[in-house]
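Computed from the coordinates by the stated procedures, all read-outs in this text should not be read as laboratory data. All values reported here derive from a predicted model rather than from experimental measurement. Positions of Cβ are generated from backbone atoms using ideal geometry, with glycine treated the same way; all protein chains shown enter the neighbour counts.
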Ligand code: SF4
């Protein structure tokens, strides 16, 4: 795993002592709220409905078991015994006291963690494939580039006050598990005709008020130009992005306004003098970072996830869990274990301190001490020997962490919504819980197959509802919580925005509508056809008919 | 945030405590209470204006942040009640059962 060097550690320690001083000056009255707010936001601290919320960065979603134990300790000591894993591969604590925040940051820094750049108009935590480094279909570990980007963007003086926040995602595999087309910049690794590895650079994607699928800026960028090219994009954005209107300040609006061709022309012009300068990445730089992500020493083993599932000796409940939650590993005899934080009726993404500690212990026993956080709000143990799966599964089950539903209809992505969030229009969690109860039959869920429901409590789209196969947006109409449903969104390599079906409805009706859509799909799908493919093949019309039948 | 209020609508003043973010309401005695039904309700602009300097002083003294005036349902006997989902949740907390950090039992032995 990546370890801080002395420079990283000094920066983080310095930031903690700075913030300690700022908090004490705020509490003593030396700083007003207007002066203090940007400072606390720079340290990931928001004021929500009932308390402060602290967002802790988990760079590219990779954690050690030690770090997970620190997250558990913070939940128990400073919060109410739990935390919430987010769609940005971060963790949020909901019940933080301002006065405790400096101590929390100090505890985090001691285990090489922080909350820097989790908020504010800067380049945020770079997100990546949660299976990075282990996925069977991967070209190269995308965290190497993510780490290079982290070092470049952290405290970048020119890009600390951008027109608006800026999110970068990177995938190293053809199957996009990092949603790169809905980020300000998305990087898709692939090979050119000579076999060299580089990136397709996608720009101007994003959700929120104006959802847009990103456009290809450059089909192939050689690896060595990663920083210089991104620096050029950032400069064009920083100069021309709108600062007068926060709703028009994201790069996607600039790209739309200029048109992708003109935007490209400006980036290329900016890039020309930069491309062979100090930002050029020689192979040695890549090699040095690659070393820090060196794969662990795997044992010589055999076997695959598929054979384990088919083996008649395998306990059927274990087989079901393996089938849904364990993905093929690049090394024979190993599997990637996805831990669902979506137990029936549970709050999506929430984990108690004891659950975090259990996952840390399982990581030490079975996954070489490593854990990942996914943007679906689940956890991953990336290096598990297939022979360890039965024991791991039993232990996870005792901690309510073995729900066999990863990628299925009850693996619902939901933001905190109006139960916590001061920007919300409607609640997300109760609707997610009700849907999870409604679809709690795992046999049926597996028969339905992969289906993503995403629920956001407002237009900010933290739960990425526009790209949910079924998307749900909470709205407030004259004090009534209503839910607007979309169909056909997806965030993978074929990213698309969902289309609205029907008027916004109260929660109980939204549940019936969704159940109706599922029934319609089961009735009209071709054998083996996924929900999203049926919607793509037939459009929303057959689903709208269900609505009329129900009305 | 602040909606257009009818001039005679029953209103209260609310904020978050600076140190921990807890929701508080301005009481009749000029203190801050965590209980909405203890909040002072005003039904005219002069009364509201008269409350403001004290509240602003507490903002300046770093007692509270996010000062806001919100409309309430006023029941003279039971005291004010929240109007709308957001204020209901601010007053009573999340509507969901919060996770409880229980120790996890050892795994059941293998069959
Ligand atoms: S989508 Fe809206 S309600 Fe949900 S967490 Fe984001 S800002 Fe809050």
- Return the distance in nm (one decimal) between the two label points of a simple spin-label model at residue A:247 and residue A:306, each offset 7 Å from Cα along Cα→Cβ. 5.1
- Query: Among B:86, B:26, B:35, which one moves the most in a GNM of chain B with springs linking Cα atoms closer than 10 Å?
  - Reply: B:86
- Task: Take every DSSP beta bridge with both residues inside the stretch A:403-551 and express the antiparallel ones as a percent of the total, to the nearest 5.
- Result: 65
- Using the alpha-carbon centroid of each, what span in Å lies between the stretch A:28-105 and the stretch A:304-347? 33
- Return the FRET efficiency for the residue pair residue A:111, residue A:155: r is the Cβ-Cβ distance, R0 is 30 Å, and the value is rounded to the nearest 0.05. 0.90
- Cα gyration tensor category, rounded, prolate or oblate, for the stretch B:11-94 with a/c compared to 1.5: oblate
- By counting other Cβ atoms within 10 Å of each Cβ, how are A:313, A:481, A:111 ranked from fewest to most? A:313, A:111, A:481
- Message: Once you compute Rg and the Kirkwood Rh from C-alpha atoms, what is the Rg to Rh ratio for the protein assembly as shown?
- Response: 0.97
- Scoring chain A by relative contact order with C-alpha pairs under 8 Å, at least six apart, yields a percentage of 12
- Item | Sequence-separation-based contact order of the stretch A:451-509, relative, with Cα cut under 8 Å and 6+ spacing, percent | 27
- Task: May I ask for the distance between the Cα centers of the stretch A:410-488 and the stretch A:112-143, given as a whole number of Å?
- Result: 25
- Message: Can you tell me how the stretch A:175-235 classifies by the Cα gyration tensor, rounded, prolate or oblate, using a/c under 1.5 as the rounded cut?
- Response: oblate
- Item | Protection-proxy order for peptides A:390-399, A:88-97, B:96-105, A:9-18, each taking the mean of Cβ atoms within 10 Å per residue, highest first | A:88-97, A:390-399, A:9-18, B:96-105
- Task: Compute the Rg to Rh ratio over the stretch A:308-390 from the alpha carbon atoms, using the Kirkwood formula for Rh, and round to two decimal places.
- Result: 0.97
- Whole Å is fine, so just give me how far the alpha carbon centre of the stretch B:72-107 lies from that of the stretch A:361-401. 34
- Message: Please rank A:64, B:66, fewest neighbouring Cβ atoms within 10 Å first, as an exposure proxy.
- Response: B:66, A:64
- Which of A:103, A:261, B:58 has the fewest Cβ neighbours within 10 Å, and the rest in rising order: A:261, A:103, B:58
- Message: Testing the spin-label approximation: label points 7 Å from Cα along Cα→Cβ at residue A:77 and residue A:505. State their distance in nm.
- Response: 4.9
- Find the relative contact order for the stretch A:413-550 and round it to a whole percent, using C-alpha pairs within less than 8 Å whose residues are 6+ positions apart. 18
- Message: I need the shape label for the stretch A:8-52. Rule: rounded when a/c is under 1.5, else prolate if a/b > b/c, else oblate, with a, b, c from the alpha carbon gyration tensor.
- Response: oblate
